[in-house]
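The values are calculated or read from the model by the stated rules, or taken from the named source; none is laboratory data. Note that the structure is a prediction, hence the values are computed from the model and not measured. Ligands, DNA and RNA are excluded from the accessible area calculation, which covers all protein heavy atoms including side chains. Shrake-Rupley method; radii C 1.70, N 1.55, O 1.52, S 1.80 Å.
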Amino acid sequence: MTLAEMVNGQRGRVAQFQANGLEPDTQLKLAAMGLAPGCPVQLVRRAPLGRSIQLKLAGASVCLNHQLAQQVEVEVNHG
């Protein structure tokens, strides 16, 4: 599942970035924001029209556009 497919309130852990989707500079930028493989993440909400999402990462709030969120794979918590 990707960040873009998560529903409001859903929690998970970043599994990986899609190998063919992100430039190395973009991966470094995400890591600097706290979004890296192994990082716990929660989808807080979606912007109108689904163009961006708000995430909670280690107490910080981060917004990503939909295209970028599609490139980040997550393992969701069940139960």
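Assorted remarks:
- Cα radius of gyration and Dmax for segment 1-48 (Å): 11.3, 29
- Gyration tensor (alpha-carbon) shape descriptor, segment 16-79, a/c threshold 1.5: rounded
- Over the chain, relative contact order from alpha-carbon pairs under 8 Å, at least 6 apart, %: 44
- Solvent-accessible area per residue, Å², over the chain with all protein chains present [probe radius 1.4 Å]: 62
- Full extension of the chain between Arg51 and Met1 gives 16.2 nm of extra length, using 0.36 nm per residue less the Cα-Cα distance.
- Element breakdown for the chain at a 1.4 angstrom probe: carbon and sulfur atoms account for 49% of the accessible area.
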